[in-house]
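This report concerns only the one structure given below.
The values are calculated or read from the model by the stated rules, or taken from the named source; none is laboratory data. This is a predicted model, so every value here is computed, not measured. A quick note on method: Cβ atoms are made from the backbone with ideal geometry, for glycine too, and the neighbour counts reach across all protein chains shown.
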Amino acid sequence: MSSLIDERIKFRHLQCFLAVAQQGSLQKAADVLSVTQPAVSKTLKELEDLLGVRLFERGRKGALLTRSGEAFARHAGASVSALREAVASVAPTRGTGSAVVSLGVLPTVAPWLVPQLLLQLDARAASQNEQGFNLRIETGANPELLTRLRQRELDLVIGRFAEPSHMLGLSFEHLYADPLLLVLRPGHPLLTEPALRADPLAALQDFTVILPTAGTAIRQTADSFFLTRGLGAPARTIETLSVPVARAYCAASNAIWCSPAGAAQPDLQAGTLAALPVAMNGTEEMVGLNLRAEMTPSAAQAEVMAVIHALAGERRGKGGTGDGSPPARG
């Protein structure tokens with residue numbers, strides 16, 4: 001009977017199941033797969049009937065994996081990944097460029113790290129007179145990236161340390177600590193008006209503050225910072241994890257961006273934004289490299305990891321943000 005069931009499970013069943021598991025919603029999965037929601041529902045029912053177990057609990061909060069669903073997800077992701085690798089192994093290739101490394105990066109880490117990573121990989125390939133390999137770089141929230149890593153849709157993830165329940169089957173290697181900064185445009189009143197410069201934190205609540213979205217680890221750190229400094233509620237808040245949105249609005253207004261140092265680093269170095277010179281002790285967040293626990297890196301993956309380690313080492317060696325921001329006042 002088991003062999004019969006195995007033969008009846010098709011790639012479309014696995015693809016549909018993984019899409020729902022990743023999106024947490026039948027409708028969102030349908031949008032990703034470019035099919036209708038009833039088609040997704042029908043395919044899932046077929047799979048559950050074949051397996052004889054319930055894979056999702058459907059409710060107002062969407063589609064949540066059951067324990068059976070979580071167990072099946074680990075193996076389904078591995079199967080789909082293995083099939084993709086098998087297809088790639090016999091597909092036409094172009095020299096050394098046939099290898100593909102899928103890298104997930106937090107949107108607040110990507111601005112400083114990804115450009116340097118690409119440049120160093122280019123330099124390595126040029127020095128060895130090779131074409132190099134293909135990279136697929138994706139950004140997203142930490143839980144989403146870790147889920148996709150576990151399902152083998154991503155090879156490596158640069159993210160933050162997660163709750164133990166989210167790290168099952170994964171390993172975390174600390175790379176560097178990323179503090180929060182209060183970022184604003186040059187010429188901002190908090191930097192130019194003597195009365196405000198004397199105690200900028202006291203005047204902070206009179207301005208719009210751009211914060212990370214609620215429920216994220218960096219938002220909890222930001223809230224703790226404001227609470228421990230005895231700061232009142234800002235006049236207005238905007239919540240976003242979009243670096244381009246926060247950067248553009250901050251540069252064109254008097255808003256203050258509560259940003260991880262890595263997200264604002266390119267603008268701080270270019271002088272298009274500045275960091276408020278106040279102490280941000282206690283806001284450091286661990287950024288690290290997440291891998292599947294059983295993973296044996298390929299040559300291409302190992303090369304990407306080596307460059308990531310080198311860049312993280314340089315950042316740690318600079319003793320802080322390495323962003324060129326002015327020294328903070330205690």
Out of curiosity, is Ala63 within 17 Å of Gln15 (Cα to Cα), among the small types (Gly, Ala, Ser), outside any helix (DSSP H, G or I) and touching a helix residue (DSSP H, G or I) at 6+ places or on another chain (Cβ under 6 Å)? yes
Strands (runs of 3 or more DSSP E) enclosed by the range 141-233 - at least 3 residues per element that are farther than 17 Å from Ala264 by Cβ: 156-160, 170-178
Would you point out the residue of the range 164-213, among those that are over 30 Å from Met295 (Cα atoms) and among the polar types (S, T, N, Q), that is farthest from the chain's Cα centre (by Cα)? Thr192
From Thr66, Thr43, residue being closer than 30 Å to Phe161 by Cβ and at pLDDT 90 or above: Thr66
Condition broken by Ile5, with the remaining ones in (1) surrounded by 14 or more Cβ atoms within 10 Å (Cβ to Cβ); (2) at pLDDT below 90; (3) farther than 25 Å from Pro143 by Cα satisfied: (1)
When the range 247-268 is examined, which residues are found to be among the small types (Gly, Ala, Ser) and surrounded by fewer than 24 Cβ atoms within 10 Å (Cβ to Cβ)? Ala248, Ala251, Ala252, Ser253, Ala255
Is one or more of the residues making up the range 168-177 free of Cβ contacts under 8 Å to residues at least 24 places away in the same chain, in the same structural domain as Asn290 (by TED's automatic domain parsing), in contact with a helix residue (DSSP H, G or I) (Cβ under 9 Å, 6 or more places away or on another chain) and hydrophobic (A, V, I, L, M, F, W, C)? yes
Give the residues of the range 123-147 that are over 21 Å from Pro212 (Cα atoms) and either among the charged types (D, E, K, R) or touching a Ser or Thr at 6+ places or on another chain (Cβ under 6 Å) (or both), sorted by residue number. Arg124, Glu130, Gln131, Arg136
If you check His188, His174, His166, which single one turns out to be within 28 Å of Leu113 (Cα to Cα) and exposed (fewer than 13 other Cβ atoms within 10 Å of the Cβ)? His174
For the structure I just gave you, tell me whether Arg229 is of a type in the set (Lys, Arg) and closer than 30 Å to Gly77 by Cα. no
Can you report the number of residues in the range 179-233 which are of a type outside the set (A, V, I, L, M, F, W, C), without any contact (Cβ under 8 Å) to a residue 40 or more places away in the chain and under 23 Å from Pro244 (Cβ atoms)? 4
Could we say that Pro234 is surrounded by fewer than 21 Cβ atoms within 10 Å (Cβ to Cβ) and modelled with pLDDT under 90 here? yes
Expected single match for surrounded by fewer than 17 Cβ atoms within 10 Å (Cβ to Cβ) and in contact with a Leu (Cβ under 9 Å, 6 or more places away or on another chain) among Glu138, Glu130 is Glu138
Examine the range 253-271 for a residue that is farther than 29 Å from Leu146 by Cβ, assigned to a helix (DSSP H, G or I) and of a type outside the set (Phe, Trp, Tyr), and state whether such a residue exists. yes
